[in-house]
1. Please list 3J(HN,Hα) in residue order for segment 70-77, calculated via the Karplus relation 6.51 cos²θ - 1.76 cosθ + 1.60 where θ = phi - 60°; whole Hz, with x for glycine and proline.
2. Please list, in chain and number order, the residues 5+ apart from Ile43 or on another chain whose amide H is under 5 Å from its amide H, with Hs placed from the backbone.
3. Distance between Cα centroids, segment 1-65 to segment 103-126: provide it in whole Å.
4. Calculate one ³J(HN,Hα) per residue across segment 104-111 by plugging θ = phi - 60° into the Karplus curve 6.51 cos²θ - 1.76 cosθ + 1.60, and present them in order as whole Hz with x for glycine and proline.
5. Extending each Cα 7 Å along its Cβ direction at Ala80 and Met60, get the distance between those two points in nm, one decimal.
6. Spin-label point model (7 Å from Cα, Cβ direction): what's the Ser20 to Val34 distance in nm?
7. For segment 53-68, what does the Karplus curve 6.51 cos²θ - 1.76 cosθ + 1.60, with θ = phi - 60°, yield as ³J(HN,Hα) per residue in whole Hz, taken in order and with x for Gly and Pro?
Amino acid sequence: MSGPKTHNPGFLALVNDAKSRIREVDIEQYKGLVSSGDPHVLIDVREESEWAAGHAAGSMHLGKGIIERDIEAKVPDKNATVVLYCGGGFRSALAGDALRQMGYANVISLDGGWRAYQASGLPVEK
């Protein structure tokens, strides 16, 4: 498990702009959502190789490169609660902002992403 990456300023500016328009939860808040039984769709927006190496149990894979193209077929209800995660919460914020623009009303980005999920003890699949 690698630590957080160092990102370039232009990318960080883009992510911070997206984060100003979306909802984020940390891993403890996400665990609360899971334990409350609130229905939600968990989507991994990482690359195929990252997904194949391990992912959250029960999650769906829609990589950031294709999520806008495929989301409406996979999650037709635009009022569904959709939780996105990536490696650390940056790509999921960008994808979440795009879904918000497409009319998805309840998109959440998991801050800390896969690293936080793995460390949380929640179930993992390969």
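1. After applying 6.51 cos²θ - 1.76 cosθ + 1.60, I find 9, 4, 5, 6, 7, 9, x, 7 Hz.
2. So Ile43 has HN proximity to Met60, Val83, Leu84, Tyr85.
3. One Cα centre to the other: 5 Å.
4. 6, 8, 10, 9, 10, 9, 7, 5
5. 0.3 nm
6. 3.3 nm
7. Working through the residues one at a time gives 6, x, 7, 5, 4, x, 7, 10, 9, 9, x, 4, x, 10, 4, 5 Hz.
No value in this document is a laboratory result; all are computed from the given coordinates. Source: prediction; values computed, not measured. Counting neighbours? That spans all protein chains shown, and the Cβs are built from the backbone with ideal geometry, glycine included.
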